[in-house]
C-alpha cells in the first residue's frame, strides 16, 4: 500500500522517528529533528554504508572534513558563481516555486495523463504493448511534455531567466495549489548559507556552510594520498552534514535545508573511468536491494543533460509516495574538481603512477546518497496496514513497520505476560543480559496484544514473552513481527538466536 506523505509524517512523529524542528516555537520550514527511534534507524543505515564502503574495501579510507571551509574552496568549485536556482512566485496563491521543479512536475503529470488515456483505449482494443508505446509517443500531452523538458533544459543551460519566464507564460503552467497561471518574472536564488568568521564585524571573513561534502574530500586529497599510502585506484568516504537554502523545502525530509550525505569519491586512472562507473553503478544498486528496498521500487535514470564537468551521470531513483525521485547519484566527474583546486590554490594535485612512469590528475567516480532520503525510503516502503488475528480469534487492523531486522531501531522487546513479581524478575534478568548486545525495550504495561501492536509499529522484529511456562521450563516465547509465528527457546539460547538473526549479513562481503 502506497502511503500518503502527510500520513507518513504523522506516523513518524507519533512513533518518535522524526519531529518538526523547533515545534515548541511553531517550527521552521525544511528543518527536522530525529527522535529516539529515528536516530537509531539513521545510525544503523550509516553504519552499514560505512562497513560496505570503508571496512570491507582495502582501498577506501574515511574522512571527516570540517563544515566550515576557506571561501576560495567554493570559488574553485563553482558554487559562488553558479550555485543558484531559478525561483518564481505565483501572483494568486503567493506560493514560491523552483521553476525547474515546477515545470518538470507539470510535464510528469502530462505524461501520466497521456499514458492512462492510451492504456485505457488499448485495453478496449486489445492492442499489444509495442502498439501502446507507439501511440503514447504520438499523444499530444506526451509530445508537449517532451517539448517542455527540452525548452527547460535549454533555458537552464544558458541560465536564461527571461526564457524561463516566457516559457511559463506561453505554456500557461498552472500553480499546483491555485491553478492560476499568473507568475512573477523568474529570478535567481543563491542556495548557500553565508556567515561571518571572526569576532569583529569589520574584519570578519565571509564564509559559507558547505552545500555538499565532496569538496572537503577533494581539498584533502593530497594529505590522504600521503598519509594513507594509497595507490590509484582508491576512494575517500565521508558522512556529514550539508546545508542548502532551498527556495521551497518540501516533501517531508526529502528536500531539507540541513541534511546529511554519505559520499565516496573514487580516484581512478584516466581512461578507466567508464569501467569504474559501471562497477559502482552495479555495486550501489545491489546494496540498496540487499538492505531491503524492493527491486520494483528502484530504477536507474541517466541524466539527459550533463553538467559541464561530467562524463556520465545517473541516479538511483526510489518510488517515494510522490513518485520516482533521486535517492543516490553516481557520477563520472572527470578531473574537473582536482584541476580547479590546483588552479585556485596554486598547488600540484597530481598523482605519480609508478606503473606508467608518469604523473596525472586522477579522474573521479562519485557515489553520493542522501541519508535522510534513505530513512524516508525505508519508512515509506516499510509502513504497512494489514489485518491480523486477535487473541479472541477475530481479526483487527494492525500497523506494522516492515523494515530489515538489522535496521530496526529496537530489534528486541521483552514482555512479562502479567505484572507479577516472578514474571517481572525473569523478564528483567533477560533484559539485563541482552542489553549489552542489542538495543532492547522492556514493557509491562497493557495487555500482551497491545504491547505486540505497539512494537509492530516501531518496527521491532522480535518480541520475547515471559509466561507461566518460562517459570517451569526456563523457556521463552519468541514472536516474529512479519509472520506472527511464535517459537519457544531455552532462555540460555535466546542471545545466540538473536545474534544470528541480527548480525551483519554475509552479503556485505560482496560489496
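The values are calculated or read from the model by the stated rules, or taken from the named source; none is laboratory data. Bear in mind that the values here come from a model prediction, so they are computed numbers and not experimental data. No Cβ is skipped: glycine too gets one built from the backbone with ideal geometry, and neighbour counts run over all protein chains shown.
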Considering only the range 71-87, state which residues are in contact with a helix residue (DSSP H, G or I) (Cβ under 8 Å, 6 or more places away or on another chain), in a strand (DSSP E or B) and at pLDDT below 80. 85
Hey, does the range 104-118 have a residue that's modelled with pLDDT under 85 and surrounded by 15 or more Cβ atoms within 10 Å (Cβ to Cβ)? yes
When the residues of the range 136-162 are narrowed to those that are under 32 Å from the mean Cα position of the chain (by Cα) and not in a helix (DSSP H, G or I), which ends up farthest from residue 102 (Cα to Cα)? 158
The listed residue being surrounded by fewer than 21 Cβ atoms within 10 Å (Cβ to Cβ), at pLDDT below 95 and farther than 30 Å from residue 175 by Cβ, out of 229, 250, 269, 257: 229
Determine whether the range 197-206 contains at least one residue that is in contact with a helix residue (DSSP H, G or I) (Cβ under 6 Å, 6 or more places away or on another chain) and surrounded by 12 or more Cβ atoms within 10 Å (Cβ to Cβ). no
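The rows are residues; the columns are (1) surrounded by fewer than 17 Cβ atoms within 10 Å (Cβ to Cβ); (2) touching a residue at least 60 places away in the same chain (Cβ under 8 Å).
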site: 412; (1), (2): no, yes
site: 430; (1), (2): no, yes
site: 461; (1), (2): no, no
site: 486; (1), (2): yes, no
site: 508; (1), (2): yes, yes
Determine whether the range 108-120 contains at least one residue that is within 21 Å of residue 251 (Cβ to Cβ), touching a residue at least 60 places away in the same chain (Cβ under 8 Å) and in a helix (DSSP H, G or I). yes
Consider residue 130 carefully, then state whether it is surrounded by fewer than 14 Cβ atoms within 10 Å (Cβ to Cβ) and in a helix (DSSP H, G or I). yes
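Before we move on, is residue 236 over 23 Å from the mean Cα position of the chain (by Cα), at pLDDT 90 or above and surrounded by 19 or more Cβ atoms within 10 Å (Cβ to Cβ)? Working first, answer last.
On the way: over 23 Å from the mean Cα position of the chain (by Cα): no; at pLDDT 90 or above: yes; surrounded by 19 or more Cβ atoms within 10 Å (Cβ to Cβ): yes.
Spelling it out, it is not the case that residue 236 is over 23 Å from the mean Cα position of the chain (by Cα), at pLDDT 90 or above and surrounded by 19 or more Cβ atoms within 10 Å (Cβ to Cβ).
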For the range 164-197, which positions are within 30 Å of residue 70 (Cβ to Cβ) and under 31 Å from the mean Cα position of the chain (by Cα)? 187, 188, 189, 190, 191, 192, 193, 194, 195, 196
